[in-house]
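Participant: The structure is given below, and queries will be raised subsequently.
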């Protein structure tokens, strides 16, 4: 995973974990490493974050435990190059993250792509709660119909129940705050590609803190210990 790097894996993992987990700038990390006698340029830290966040998230998803069949879906807003873009997110009835999708636009196509990704990875839920968004409702009904048409198992899939209520979706609005707290000090992203990768890493940290990895179930593993498990 770290082949060809000039720095030890422990330094790389530490910088990536700290940047994704805490309200630190790249230059903060450069200074913190210098205090430890390690000369690392802030541009190198950014390169590590972009390079390794995706791979760590992929490894995490292979070890992620199952979610429940009751989901809550909502959008969060992230600024890229001065423009607000949409981060679609879903959590289950336990508050665990189901899926997320970062999109340049907020429309039916984006909502369907997000839902298709969630359905493909986690299967069909029995219920989805949303706010008053008619676009999200249409996306659910459309993806649900397509999923049942493609169903080749002998078990008939029941239609997804859609519940629209601002009150029911307060839990996911609260969950957004963990992502917003880390993104806000960044003052916006410079490109869609880096935003997508870094947001994926931030979401991974959020799932780790919830104990969503199979290897973390029933254990009090720190973020550092979970990172070591993924990178091993």
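Participant: For the chain, give the share of DSSP beta bridges that are antiparallel, in percent and rounded to the nearest 5; count only bridges with both residues there.
Facilitator: Antiparallel: roughly 70 percent of the beta bridges in the chain.
Participant: Sequence gap at least 6, Cα distance under 8 Å: using those rules, report the relative contact order of the chain to the nearest whole percent.
Facilitator: Across the chain, relative contact order equals 24 percent.
Participant: So how far, in whole Å, is the C-alpha centre of the range 1-32 from the one of the range 150-209?
Facilitator: Measuring centre to centre over Cα atoms gives 25 Å.
Participant: Something else now. How much of the DSSP bridge set in the range 70-192 is antiparallel, in percent, rounded to the nearest 5?
Facilitator: 65
Participant: Now for a separate question. To the nearest 500 deg cm²/dmol, what mean residue ellipticity at 222 nm is calculated for the chain from DSSP H runs of n ≥ 4 alone, each contributing -39,500 (n - 2.57), summed and divided by the residues?
Facilitator: Result for the chain: -16500 deg cm²/dmol, rounded to the nearest 500.
Participant: Which residues does the label zone of residue 170 cover in the range 127-141, counting backbone N under 19 Å from a point 7 Å along Cα→Cβ?
Facilitator: Label zone hits: 129-133.
Participant: Taking 0.36 nm per intervening residue step and subtracting the Cα-Cα distance, what contour gain separates residue 192 from residue 34 on full extension?
Facilitator: Details: separation 158, 0.36 × 158 = 56.88 nm, distance 3.04 nm.
In short, 53.8 nm is gained.
Participant: Mind giving me the nanometre distance, one decimal, between the label points for residue 104 and residue 22, set 7 Å out from Cα along Cα→Cβ?
Facilitator: 3.6
Only the coordinates and a few stated rules stand behind these numbers; no lab work does. This structure is a prediction, so every number in the text was calculated from the model and none was measured. Cβ: placed from backbone, ideal geometry, glycine included. Neighbour counts: every protein chain shown.
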